[in-house]
1. Expected output is a single nm value to one decimal: the length gained when fully extending between THR467 and GLU565, i.e. 0.36 nm times separation in residues minus the C-alpha distance. What is it?
2. What is the local net charge at THR467, summed over the other residues whose Cβ is closer than 13 Å to its Cβ (Lys, Arg +1; Asp, Glu -1)?
3. Compute the accessible area per residue over segment 452-609, keeping the other protein chains in place, probe 1.4 Å, unit Å².
4. Using a cut-off of 17 Å between alpha-carbon atoms, which lysines can reach LYS25, once sequence neighbours fewer than 8 places away in the same chain are excluded?
5. Could you sort the peptides 387-393, 176-182 by per-residue average Cβ neighbour count (10 Å cutoff), highest mean leading?
6. With r as the distance between the Cβ atoms of LEU249 and GLU427 and R0 = 45 Å, compute the FRET efficiency 1/(1 + (r/R0)^6) and round to 0.05.
7. Place the peptides 195-205, 437-447 in order of packing, highest mean first, counting for every residue the other Cβ atoms within 10 Å and averaging per peptide.
8. What area, in nm² and to one decimal, does the C-alpha convex hull of the chain cast on average over all directions?
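The values are calculated or read from the model by the stated rules, or taken from the named source; none is laboratory data. Model, not experiment: these values are computed from the prediction. FYI the Cβ positions are ideal-geometry reconstructions off the backbone, even for glycines, and counts take in every protein chain you see. For accessibility, only protein heavy atoms count, side chains too; no ligands or nucleic acids. Shrake-Rupley method; radii C 1.70, N 1.55, O 1.52, S 1.80 Å.
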Amino acid sequence: MEKKQFQAESKRLLDLMINSIYTHKEIFLRELISNASDATDKLYYNAMREGRTGITRDSLPITLALDKDARTLTISDLGCGMTAAELEENLGTIARSGSLDFKRQMEQQDDVDIIGQFGVGFYAAFMVAKEVEVVSRADGAAEGNRWVSSGGDGYTIEPCEKAECGTVITLKIKDNTENDDYDGFLEPWRIQEIVKKYSDYIRYPIRMEMTHSRVKEGSPEDKPEYEDYTEMETLNSMIPIWKKSKSELTDEDYNQFYKTKFADFEDPLRHIHTSTEGAVTYNAMLFVPGRAPYNYYSKDYEKGLQLYSNGVLIMDKCADLLPDYFSFIRGLVDSADLSLNISREMLQHDRHLKLIAQSIEKKIKNELLAMQKSDREKYEKFFTAFGPQLKFGAYMDYGMHKDVLEDLLLYYSDKEGKMVTLAEYLEKMPEEQKYIYYACGETIEKCRLLPAMELLREKGCDVLCMTDNVDEFTVRMLNQYKEKTFKSIADGDLGLETDEEKEEIKKLAEENGAVLAAVKEALDGKVTKVQLTGRLKSHPCCLSTEGGMSLEMEKVLNQQAMGSEQTFHAERVLELNASHPIFGKLCDYSGADPEKLAKLSSVLYQQALLIEGMPIDNPVEYANAVCSLLTD
C-alpha cells in the first residue's frame, strides 16, 4: 500500500499546527466533535432536502468510546461521511475545509450551523495521538475507506468494509512523558469534563458508555454488596439556555444556570437575556453578581465573558467584550459572525467584535439604571460591592467614560440620611445653590463631623459624604454634573458668603495681620498661608488647600506610595474663626507671649489635621503642649 505525503509543504508545517496553534491539548476533542457535528449537519440538511423520513437530531448521535488497555479514544458519527477522494482532499491537504465550502453554499439556510472553517482542527488530534485512523463511508456509497497517519510521515488510504454511512475516528493516545500526562484522555470523567466545557451545546447527542456502581440485587441490607454496570449516557445539554425564548424560562432557571455555570452560591441580582440581529447577530446572557469575588480588586482578577460560536466554546474569558468598569459582569455571548483566527481560540479584532462590545455596554448600563429605579435595595447592594469600580471607571482615561457612568453613581446624602444619585441630589437642591457640595473622609460619620458642615446645614445645603479612596479623584475628573460644579467643603471659598460678609472678613484680616503672620511663622513652613474665614461656626479652625491637590488626595497618594521615598504634600492653609474665643487667645499672646502663641498655634494646627483624618508628626509633643496650655 502506497504511503502518500501531505500536500501541505512539509512535516514542519504540521508540527507548527500541532505545537503552536493550540494552547491547550484538550482542544483536540472540541475540534473532532465539531467536525462530527458539521458532518451530521450536512447529512441532516440533505435528508430534509430530499424528503427522507425518520431522520431526527436524536437519531444522529455522536458517540465516544474509550479502551484503556488499547489506549484508544474513538469518536463516531452518522454524518455524511467521506469518499476516498474526499478523504484525500480534506485530510491530505492541511487547511482544506469541506465544512467551509458547504457553509458558503448554505449561507441562506437558518437551520444549519457549520462550525469548521479552516480545515486544521482535525490535525489537533496529533497533539495527543501517535496514530490516527479514520474510517468513513459517504452517504450513498457502497463501501468505506480507511485513512491512517502517524503525523508528518504521511498517510495511507485503502478501501474497507463499513456497515453504514458516517465516520469513525480512532486515536491511539500517546504514552505519558516527563512533561505531559496523556492518561487523562483515557478517563471517562475527563472526557465528560471536556465535552461539558467546550461542546455542551452541540445540537446532536454526544454519548459515551459510563460505568457506575449499584447494590447487587438480593444482597443483605446490613452488608450490601455492590456491582458495576455500564450504560450509554448523553454528556451534553444540546440546547443552550440562551437560545430559548424568555417566556420558556423562569427566574429560577436563570439563577440556577448562573450558579452552576459560574460557581457562585448566591443568586445574581439581575440577569440580561438578549438576542440581537442586524449589523451583527448574537445571543447573550449576562448576570450582575450579588458580591465581589475575593480577588476582584486585585491584579489577579481576570475579566471577560465566555465566547461561543454556534454553541461551541471558543474562549473562556473574552476580555474585549467588557469595558474595565463593567468587569464584574459574568455571562456569555454566542455569535456566528465573529472572525476567528485559525485556532479558534482567539479572535481577530474586527468590527463585529467591537459592535457586540458596544451593544453589550449599552445593555448593561440600561439594566443597571432599571435596577436603580425599580429595586433600590438590590442596587445599593450591588453598589456596595462594585461602586468603587464604577467610580474608578469614571476617573480613568482622563474621564473619557464619565458620561456613561455618572448616572450610576451613589453617594451618602447628609441631609437625606441615605444613598442618593447625582440626579436626586440636584432635584432637591435649593434653586440659589451654586455647587454640588461634597466631603471626603474615612467614614460617613467623620465626614458629617467636619467643621464646615455646620455652615452648610445652616444654609440648607446638602453635602455628599464620600468615603472611597477614589472619590476625590473621580469628582475632580467629573468636574460638574448637568452644569453644576462639584465643590469640596474643604475648599477655601464655598460660595456661601455675601459680599458684606466677605468685606467684613477682609477688614478683620487687615486689623489682625500681625497675629496671622505670627501664627504662620510659629508653624514654621507647615502651612503656606494663615487666614480668617467665615465658614466656621463653633470650631476654632480648619484646614483647606491651595492648588490642585487636596488633603484627601495627599492621603491617598501617600498610602499608595508607601515604602517608596516619594511623598506628596498639599499646600495647606490654616483658616481661623475670628468669632471663636481661641482667636482672642491668639491675639492676647501675639507680641506678649510668643512661646504660648507658638504652642497654641501648633495645637490648633494639629487638631485641624486630626479632624481631617491626617496623621500628626509628634503625638507626645502635641499632648505635652495641650497639657501646658491647660495648666497655665
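1. Going from the current span to full extension adds 32.6 nm.
2. -3
3. I get 48 Å² per residue for segment 452-609.
4. The reachable lysines, counting only those whose Cα sits under 17 Å from LYS25, are LYS130, LYS172, LYS174, LYS196, LYS197.
5. Ranking the peptides 387-393, 176-182 by packing returns 387-393, 176-182.
6. In this case the efficiency is close to 0.75.
7. Highest mean packing first, the order is 195-205, 437-447.
8. 43.3
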